[in-house]
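Before any comments, here is the structure.
Nothing in this text is a laboratory measurement; each read-out follows from the coordinates by a stated rule. Here the structure is a predicted model, which is why all the values come from computation and not from measurement. No Cβ is skipped: glycine too gets one built from the backbone with ideal geometry, and neighbour counts run over all protein chains shown.
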Ligand code: FAD
């Protein structure tokens, strides 16, 4: 299909970006440089993760507050319910609301490494669907939730996992963001099943630009995402070839997104890992509303200069 090779002229991708809260001044500088580079792409929102077990609670709040106060971006704060009572979670949610944060990515979170099994807190929200309902009682947040095209590893079955996604959306979530995947047909089949199950809200595909292939394989193992052999072959022997690796990573993600675009997908969520280079290059290839605005502004300036 030729349309996959060149950006379809009539298609502009809506994008959003995920960051993690920085732990050191150097990491903080890197995050802000990343935000500055990605800001002109005009993302719909940018989200900031919440460390396992709520470990980065203060940093997540500080980071979303700073994004809200210093930029025109819509920040979304991730919030997990593992290991905390309802009262504690509600207090964090109120702190977000009081800081002007109106969008929460509501998650269960992963169990601490001790026995690797998930035990709900006795006074806590057991699952993300309970958290969504709790958040809606605190304030009228916009809520995003997680979805798993390749099924969450702890789900009883694909059908039970889909029921769970529906429960989260029925509890008041506005949209879902997926775990990353590398076979776009897995996402498309999942979308079909979700629509057949009566889910009408947006399910935004999560795209992971690959900066480090070995680490990507480890992440994928933890979250149950498949790494196809063809992908491993593409990255084979590129550890000491950063330029080639970057080209391969960008081309892989662009092809994946274009494939989805030609099948009607308009919005993409990028796991940036607080780096801008790959995500910025991929978004340029996909064309985002921000890029069109930049081009338009330049054209107007040139027209004015000519007059
Ligand atoms: P849930 O929707 O609660 O589902 C968890 C599991 O329980 C699923 O297998 C589900 O099928 C099952 N389940 C749900 N309800 C029931 C029920 N009533 N009975 C039996 N089984 C049930 N983790 C972090 O720590 N911090 C983050 O910032 C973070 N951000 C993320 C962002 C995205 C977009 C994604 C996709 C994941 C993120 N994660 C994050 C990881 C997430 O916390 C884990 O994947 C976690 O294991 C599940 O979270 P969930 O919100 O999907 O849980």
Checklist (1) part of a helix (DSSP H, G or I); (2) more than 12 Å from the ligand (Cβ to nearest atom); (3) within 23 Å of residue 64 (Cα to Cα) applied to residue 140, failing item:
(1)
Restricting attention to region 28-53, report how many residues are more than 18 Å from the chain's Cα centre (by Cα) and at positive phi.
1
Just checking, does region 76-94 include any residue being over 23 Å from residue 178 (Cα atoms), under 21 Å from the mean Cα position of the chain (by Cα), away from the ligand (no atom under 16 Å from the Cβ) and without any contact (Cβ under 8 Å) to a residue 24 or more places away in the chain?
no
So residue 176 clears everything in (1) more than 7 Å from the ligand (Cβ to nearest atom); (2) surrounded by fewer than 18 Cβ atoms within 10 Å (Cβ to Cβ); (3) closer than 20 Å to residue 225 by Cα except one condition, right? Which one?
(2)
